[in-house]
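First the structure, in the form of structure tokens, and then the observations on it.
The values are calculated or read from the model by the stated rules, or taken from the named source; none is laboratory data. Note that the structure is a prediction, hence the values are computed from the model and not measured. No Cβ is skipped: glycine too gets one built from the backbone with ideal geometry, and neighbour counts run over all protein chains shown.
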Amino acid sequence: MEGFTFHKEERLSSQKIIGELFTSGESFLAYPLKVVFLKTDLMESHPIQAAFTVSKRNFKRAVKRNLLKRRMREAYRLHKSGLYEELAARNIKLAMMFVYVGKDIVEYSAIEKGMLSAFKKLLVKLQRI
């Protein structure tokens with residue numbers, strides 16, 4: 001892997017896979033994030049394709065939604081390397097969606113803590129499968 005980047009190939013953009021993700025994927029909560037994931041047969045070189053979303057119901061202004069998505073992407077980008085190594089060793093490919101479920105804007109440190117917790121919970125759930 002080449003540093004702490006988040007390439008276009010790592011972004012989940014397929015409407016078909018996103019639909020499958022919410023209909024047959026598994027989810028768990030790592031406050032302030034809800035993580036929905038699904039094992040897939042992605043043809044990409046990266047083990048995970050990820051997307052980030054914030055509810056328009058809770059945050060009416062696009063500026064606030066974009067701020068939270070930027071913070072989630074940054075936390076993911078900086079801490080994904082350990083998760084990637086673990087998934088590559090197990091030869092697992094995932095589609096993931098990170099949904100911000102908090103009711104108010106929190107600092108980056110809280111989002112980062114939730115992201116690290118999400119990664120740990122994800123690895124535990126994948127061991128059971």
Given the conditions (1) hydrophobic (A, V, I, L, M, F, W, C); (2) surrounded by 20 or more Cβ atoms within 10 Å (Cβ to Cβ); (3) in contact with a Leu (Cβ under 9 Å, 6 or more places away or on another chain), and given that LEU68 satisfies all but one, which numbered condition is not satisfied?
(3)
When you scan region 88-110, do you find a residue that is modelled with pLDDT under 95, part of a helix (DSSP H, G or I) and either in contact with a helix residue (DSSP H, G or I) (Cβ under 9 Å, 6 or more places away or on another chain) or within 23 Å of LYS8 (Cβ to Cβ) (or both), even just one?
yes
Residues being assigned to a strand (DSSP E or B) and either modelled with pLDDT of 95 or more or of a type outside the set (Lys, Arg) (or both): count how many of those fall in region 18-40.
11
Hey, could you check region 1-13 for residues that are part of a loop (DSSP other than H, G, I, E, B) and at pLDDT 90 or above and say which is nearest to SER45 (Cα to Cα)?
LEU12
Within the group LEU42, LEU94, which residue is under 19 Å from PHE6 (Cα atoms) and surrounded by 18 or more Cβ atoms within 10 Å (Cβ to Cβ)?
LEU94
